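Take a look at the structure below.
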C-alpha cells in the first residue's frame, strides 16, 4: 500500500473574480507530492505559484477540483479544521516576519505553540538553530542578525515542529549564496531524513538545483519540468538526488 | 497556549518611550478617577453627615425643601398628626439655619450652620452627641463641632481649658460641649443649640414652624407600612420619606442640581478617555507594527483568541504598571486635601479595586478596538 501523498490535487481550477474581469490563475491542475520529495515550483510572476501554495497550505479555499493535503480534503473544511491542518505544515515565507521583540530562540519556540512543554520547546529550538548554524545567535534579537541569518531562523521556526509538509515561497529571495545554501540544505536534510515533503515556489536556480522534481506553471497550467544541469553546482555538493 | 515566552511584556518593553507615554496616560487616568471619586464621595458624604446621624426611621420635610442650607418650614402640628399613625413610637423636630459665629480670639464672624434640636427625646444615633444634648439646659448654651474649620477659632482647645463665651448672630452664647462631625462643602462649621436657643438666635422664626421632622417607629413594625399610614395621616403639604430616601434626596441635590455632579462626571469621563486613548495608542501601534508577524503566527495555526489574550495581557501589564503610581499620587492628594479642607477624603478598598478594574477595562477596551485590524488579517497577504 502506497503512503498517503502529502499533496494530491486533481483538476484544480481557481479564478480571481472582480467587477472588471475574472482572471483564471489555475486551470485544471493535477499535482501529487509524495513524502520524501522536495519539489520546486517555477513559473513567471503571476503564473499561479502563490495561489497554488496558499490553497495547499489551507490558507485559501479551493474553488473547483479536488485537493487533499496530508490525507485531508480541503473542500468544506471549517476555519478551525483548516487551522488545525496548518499546524501540520511548515511555512517559509519570502520575508522572515520574525517578532522583533523576541530573540532568535524565542521566535523559534513560538512555533511550538501548545505542542510541547516550555522546557522541551527551548531545547528543540536550540537544536533547530544549531542545525542551521545559528547556535551562537540564539539569544540575539532579529535586528542583531543579518538578512540571511533571519531567514535561517525563519526556516528553523518552520522545521522545529517537524511538519509533514513544508511550503516555501521564494525562501532564498535576496539571500547571498551562503545563506541560500544553508536554507536549502536544511530543507533538503529535513526532507531526506523524515517523512516530510516540501513544495518550494522559486525563481532561484540554486534552489531548483536541489529539487527532486521541478514543476512549471505557465498561465495557470502545470507541467513537469526538466532537471537543470546546475544541480551539480559546487555550491550544492549534495545535489543529485534526482528521480 | 503560551509556549513559555512572555511575548506581551517583551513587546511592550521593546519601545520604552511609547511604553512610558502609555503608562503615564494610564497613571493620569487612574489618578484622575481616584481623585474624582474621592472628592465626589467626600462631598456627598459630608453633605449628609449630619443627617445620617439622625435617629429616625421616617423623615418629614416641606415639599419646598431643597437641601440642608435651603430648607423650608412647615407646621410642627404635622408631627403631632403623624403620631396618630399605627407603629409610630416618637417624633422630634429640627430647626435649621445659618448665622454668623464670632471667633472668640479674633472677633471675626464666619457663617456657621445652626441646628436646633430638642433637649429631650432621641435625635442622634451617636450616643455621645445624644448625651451632649443634656448640656443645653440654658438657652445660651451651644454644642460646637470641634472639627469645624480653624477660622472659627480654637474653640475646642479653649473649651477644654474653661468656659468659652462668644456670639452667634450677636447673641451671647456659651460653649457647653463639643461633638465631632467635620466641615462639609456646605458648612464650614456646625453648632447645635436647643429649640429655645435656636429661637433666641433667630427671633424672627415662628415657634410653631420646623424644618425637619423625625419619626421613630415601634419595634417590629414594617417601615413601608407605617410610611403609608403616616402619609394618610398628614396632609400633602409635607413629604414623608424614609431616612434613606431623605439622604438620597440630599445627595441628589448635589449630584443633579448643582454644577458639582456635572463637574465630577466630566472629570470621570475625561480621565477615562485619557486612559483609553493612551492605551489605544500603544496597543494599536503595536498591532500595526507587527501585522506581518501576527499574520505568520496565524498562518502557522495561532487562533484569533491568542491575539486577544496577548492584547489583554498587555492591557493588564499597562494597568498594573500605571495603577500603583496613580494610587500613590491620589493618596497624597487625599491626605493633603483632608488637611487643607478638613473635609475627610477616604481611600476605601472598594474604590481602589473599583478604579483598578476601571483602568484595566479602559486599557482592555482600547485593546479590543486596536485588534479589530487583526481579525481581518489574511495570512495570504504574506505570500
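Just so you know, all these numbers are worked out from the coordinates, no wet-lab data involved. Keep in mind it's a predicted model, so treat the numbers as computed, not measured. We place every Cβ from the backbone using ideal geometry, glycine too, and count neighbours over all the protein chains shown.
Please work out the C-alpha center-to-center distance from region A:173-209 to region B:335-383 and express it in whole Å.
When both Cα centres are located, 49 Å separates them.
Quick one: Cα centre-to-centre distance for region B:179-218 and region A:49-95, in angstrom?
83
Scale the Cα Rg of the protein assembly as shown by the rule-of-thumb value 2.2 N^0.38 Å and send over the ratio, two decimals.
For the protein assembly as shown, the normalised Cα radius of gyration is 1.58.
Work out the FRET efficiency for residue A:24 and residue A:162 from their Cβ-Cβ distance, taking R0 = 41 Å, and round it to the nearest 0.05.
Once rounded, the FRET efficiency stands at 0.70.
Provide, as a two-decimal number, the C-alpha radius of gyration of chain B over 2.2 N^0.38 Å, N being how many residues it has.
That works out to 1.36 for chain B.
If you wrap a convex hull around the alpha carbons of region B:178-226, what volume per residue comes out, as a whole number of Å³? Could you put the intermediate results ahead of the total?
Numbers: hull volume 8.7 nm³, N = 49.
Considering the Cα atoms of region B:178-226, their hull volume per residue is 177 Å³.
So what is the 222 nm mean residue ellipticity for chain A from helices alone, if each DSSP H run of at least 4 adds -39500 (n - 2.57) and you divide by all residues, rounding to the nearest 500 deg cm²/dmol?
-8500 deg cm²/dmol
Once the convex hull of the alpha carbons of region B:185-258 is built, what does its volume come to per residue, in cubic angstrom? Walk me through the numbers before you get to the answer.
Details: hull volume 12.5 nm³, N = 74.
Considering the Cα atoms of region B:185-258, their hull volume per residue is 169 Å³.
For region A:7-228, what relative contact order do you get, as a whole percent, if you take Cα pairs closer than 8 Å and at least 6 residues apart?
Relative contact order for region A:7-228 comes out at 30 percent.
Can you compute the modelled spin-label distance between residue B:328 and residue B:126, with each label point 7 Å from Cα toward Cβ, in nm?
So the two model labels end up 3.5 nm from each other.
Taking the C-alpha atoms of region A:7-228, how large are the radius of gyration and the largest Cα-Cα span, Dmax, in Å?
Computed over the Cα atoms of region A:7-228, radius of gyration and Dmax are 17.4, 54 Å.
Taking only C-alpha pairs under 8 Å that are 6+ residues apart, what is the relative contact order of chain B in percent?
28
Over the Cα atoms of region B:63-237, how large are the radius of gyration and the largest Cα-Cα distance (Dmax), in Å?
Considering region B:63-237 through its Cα atoms, Rg and Dmax are 17.2, 53 Å.
Stretch residue B:20-residue B:373 to full length: gain in nm at 0.36 nm per residue minus the Cα-Cα span? Each step should come with its number before you reach the end.
Numbers: separation 353, 0.36 × 353 = 127.08 nm, distance 2.41 nm.
Gain in length upon complete extension: 124.7 nm.
With runs of 4+ DSSP H residues as the only contributors, calculate the mean residue ellipticity of chain B at 222 nm using -39,500 (n - 2.57) per run, divided by the residue total and rounded to the nearest 500.
Here the helix-only value at 222 nm equals -16500 deg cm²/dmol.
Starting from a Cα-only point model with no solvent, please compute log10 I(q)/I(0) by Debye for region A:1-73 at q = 0.17 1/Å.
So the normalised log intensities are -0.64.
Which three extents, in whole angstrom, do the alpha-carbon atoms of region A:110-202 cover along their principal axes, largest first?
Extents along the principal axes, in whole Å: 35, 33, 18.
Have a look at B:21, B:282, B:201 and tell me which one the Gaussian network model of chain B (Cα, springs below 10 Å) gives the largest fluctuation.
B:21
Under a GNM of chain B (C-alpha, springs under 10 Å), which listed residue has the highest mean-square fluctuation: B:155, B:27, B:369?
With Cα springs under 10 Å in chain B, the top fluctuation among B:155, B:27, B:369 is at B:369.
For region B:165-315, what D do you get in µm² per second when you plug the Kirkwood radius from alpha-carbon pairs into Stokes-Einstein at 20 °C and 1.002 mPa s?
Answer, rounded: 93 µm²/s.
For each of B:378, A:212, count neighbouring Cβ atoms within 10 Å of the residue's Cβ, then give the residues from fewest to most.
B:378, A:212
When the Cα centres of region B:1-58 and region B:152-168 are compared, how far apart do they sit, in Å?
Value for the Cα centre distance between the two parts: 42 Å.
Treating only the Cα positions of region A:56-153 as identical point scatterers, give the base-10 log of I(q)/I(0) from the Debye formula at each q in 0.17 Å⁻¹.
The Cα Debye sum returns log10 ratios of -0.82.
For A:202, B:111, what's the fewest-to-most ordering of other Cβ within 10 Å of each Cβ?
Ascending number of Cβ neighbours within 10 Å: B:111, A:202.
Can you give the Rg/Rh ratio of region B:99-164, where Rg is from the C-alpha atoms and Rh is the Kirkwood radius? Before the final figure, lay out the partial values.
Details: Rg = 12.7 Å, Rh = 13.1 Å.
Radius of gyration over Kirkwood radius for region B:99-164 works out to 0.97.
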